[in-house]
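See below for the structure under consideration.
The values are calculated or read from the model by the stated rules, or taken from the named source; none is laboratory data. All figures in this text were calculated on a predicted structure; none of them were measured in a lab. All Cβ positions, glycine included, derive from the backbone under ideal geometry; neighbour counts span all protein chains shown. Note: accessible area is taken over every heavy atom of the protein model, side chains too, but ligands, DNA and RNA are not part of it. Shrake-Rupley method; radii C 1.70, N 1.55, O 1.52, S 1.80 Å.
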Protein chains: 2
Amino acid sequence: MIVIDYKDRRPIYEQIVERFQELILKGVLEADSQLPSVRNLAMELSINPNTIQKAYSELERQGYIYSVMGKGSFIAVTDRLIKKKKEEILDAASQLVKLAKEYGVTKDEFTRVIIEGFKEEYDD
Amino acid sequence: MIVIDYKDRRPIYEQIVERFQELILKGVLEADSQLPSVRNLAMELSINPNTIQKAYSELERQGYIYSVMGKGSFIAVTDRLIKKKKEEILDAASQLVKLAKEYGVTKDEFTRVIIEGFKEEYDD
DNA sequence: ATAACCGTATTAAGATGCATAGTACAGATA
DNA sequence: TATCTGTACTATGCATCTTAATACGGTTAT
């Protein structure tokens, strides 16, 4: 479920945050289902509980999960987050077009890649 | 010409590298023209010469500039680098499409943003 | 020649962020 | 009551970034 890439220069807790965001937004983890406990996940990944704690705190701050003292951490409702994610992707696209224009990438070259990308078959 | 953003969490030398890459790729700095000296630029930006040195070393490693002992640092020929940059942008576009598909952004939504981005007037 | 400028190298110190280790407290549950 | 949960705190080690000071080799203008 969670894999740490030690070649990645980003901190471990950030990798964990991003991975859970992905699992949550894609619906792999359902709302109100329980996450692995801080200590368990730390054990499983062979890292320190404090690092997991830091990741969970960040996920809670961003609204992806909620934690209950003594009970555990749980997946939050994600409708709003999914919508936000889509907007971020479209913003990124807009930014990329801006960059493309600055460096002389033509509309044709660009749209060709887009069309091609959407044309591909689904492998999963 | 060069501005350091201390709110940016990336290291200073990296900001300098990126800024010069931009100026070089966009042709603001012409081939074989001289860059500010390590000590002068450090003075101007109120930072340590070693930090500039680190940025220049990285720029040289990447082929953006070349340095000559006792003379100075100079802009390299950039044709190859510009081509590479365009390819990177198209790769990024391809990656973004992949992401968009994963999160259910439709082809229509996506292309609308692209078209709109290319439609805009040039402000510079 | 010599002073003033260039790039380059080295060593030492401080600051910061990340991760670990250990301990402790509060609440839930079997 | 024992064991699980989240949470908090301090201390330590480590890597990276930045600064500081000094030094060396090469170029250039006076």
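Some points to look at:
- Test result for B:SER37, more than 14 Å from chain A (Cβ to nearest Cβ), within 6 Å of DNA strand C (Cβ to nearest atom) and under 27 Å from A:TYR103 (Cα atoms): no
- Conditions (1) more than 11 Å from DNA strand D (Cβ to nearest atom); (2) over 21 Å from B:LYS83 (Cβ atoms); (3) surrounded by 14 or more Cβ atoms within 10 Å (Cβ to Cβ): number failed by B:GLU60: (2)
- Hey, B:ALA55 over 30 Å from A:LYS85 (Cα atoms) and open to solvent by less than 40 Å² (accessible area, probe 1.4 Å) or not: yes
- Some residue of the range A:9-31 being hydrophobic (A, V, I, L, M, F, W, C) and exposed (fewer than 13 other Cβ atoms within 10 Å of the Cβ): yes
- Selection count where residues are open to solvent by 40 Å² or more (accessible area, probe 1.4 Å), facing chain B (nearest Cβ under 7 Å) and within 25 Å of A:LEU25 (Cα to Cα), scope the range A:93-124: 1
- Candidates A:GLY117, A:GLY104, filtered to the one that is on the phi > 0 side of the Ramachandran plot and in contact with a helix residue (DSSP H, G or I) (Cβ under 8 Å, 6 or more places away or on another chain): A:GLY104
- Filter pass, A:GLU30 being in a helix (DSSP H, G or I), away from DNA strand D (no atom under 14 Å from the Cβ) and not assigned by TED's automatic domain parsing to the domain that holds A:THR111: no
- Any pair with Cβ under 9 angstrom, 6 or more apart, that starts in the range B:36-54 at a residue that is assigned to a helix (DSSP H, G or I) and ends at one that is of a type in the set (Phe, Trp, Tyr) and within 6 Å of DNA strand C (Cβ to nearest atom): B:VAL38/B:TYR56; B:LEU41/B:TYR56
- Subset tally (residues that are assigned to a helix (DSSP H, G or I) and more than 18 Å from B:GLU109 (Cα to Cα)) for the range A:82-107: 4
- Residue that is farthest from the other protein chains (Cβ to nearest Cβ), among those in the range A:65-85 that are open to solvent by 20 Å² or more (accessible area, probe 1.4 Å) and more than 10 Å from DNA strand D (Cβ to nearest atom): A:VAL77
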